[in-house]
Amino acid sequence: MKVYKILHKPTGLFFTPSNGSGNLSTTGKVYPKKPTLSWIGNSIRIIVKTNSEKLSKKNKLIVDHFNIGLNENFSNKCYWVDQHYNVNESDWEIVKF
C-alpha cells in the first residue's frame, strides 16, 4: 500500500494539520491517498516554544528559514512564537512511501 506525506523542501520537515504545535513536524501526517498541495493553502502556522538555552533541531530549522527574530540574548529565557507565515506552493513536495 502506497502512502504519502507532504514535505516542506526548504526545512526538510513535513506538513501536519495544526494540532496546537504548528504545521511543520519531523514525522508529519500520513495520507492513504495522494494529497493535493491546495490542502496547505498559502500560509502555515509556526509555533516555536522553548524554555532552555538551546533550540531543538526542528525549531532551529524553522527559526532560520522563516527568519524568526529571537533575541540574541535568549539564554535562560522562555520563548513562545505562534504566528502564520506565507508559503509558496513550490516549497512543497508530495513524497510517496
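Of all residues in region 42-67 being modelled with pLDDT under 85 and either among the hydroxyl-bearing types (Ser, Thr, Tyr) or within 19 Å of SER18 (Cα to Cα) (or both), which is surrounded by the most Cβ atoms within 10 Å (Cβ to Cβ)?
Ranking the candidates gives THR50 first.
Quick one: how many residues across region 7-37 are out of contact with any helix residue (DSSP H, G or I) (no Cβ under 7 Å at 6 or more places or on another chain), over 20 Å from ASP64 (Cβ atoms) and of a type in the set (A, V, I, L, M)?
Total meeting the criteria: 1.
Name the residues in region 2-20 that are among the charged types (D, E, K, R) and either buried (at least 17 other Cβ atoms within 10 Å of the Cβ) or at pLDDT below 95 (or both), would you?
LYS2, LYS5
Please verify whether ASN23 is out of contact with any Gly (no Cβ under 9 Å at 6 or more places or on another chain), modelled with pLDDT under 95 and surrounded by 16 or more Cβ atoms within 10 Å (Cβ to Cβ), treating the condition exactly as stated. Steps first, answer last, please.
Numbers: out of contact with any Gly (no Cβ under 9 Å at 6 or more places or on another chain): yes; modelled with pLDDT under 95: yes; surrounded by 16 or more Cβ atoms within 10 Å (Cβ to Cβ): yes.
In short, yes.
Run TRP80 past the list (1) part of a strand (DSSP E or B); (2) modelled with pLDDT of 90 or more; (3) surrounded by fewer than 13 Cβ atoms within 10 Å (Cβ to Cβ) and report the number of the one that doesn't hold.
Evaluating TRP80 over (1) part of a strand (DSSP E or B); (2) modelled with pLDDT of 90 or more; (3) surrounded by fewer than 13 Cβ atoms within 10 Å (Cβ to Cβ) leaves (2) as the failure.
The values are calculated or read from the model by the stated rules, or taken from the named source; none is laboratory data. The structure displayed is predicted, hence computed values, not measured ones. Note that each Cβ is placed from the backbone with ideal geometry, even for glycine, and that neighbours are counted across all protein chains shown.
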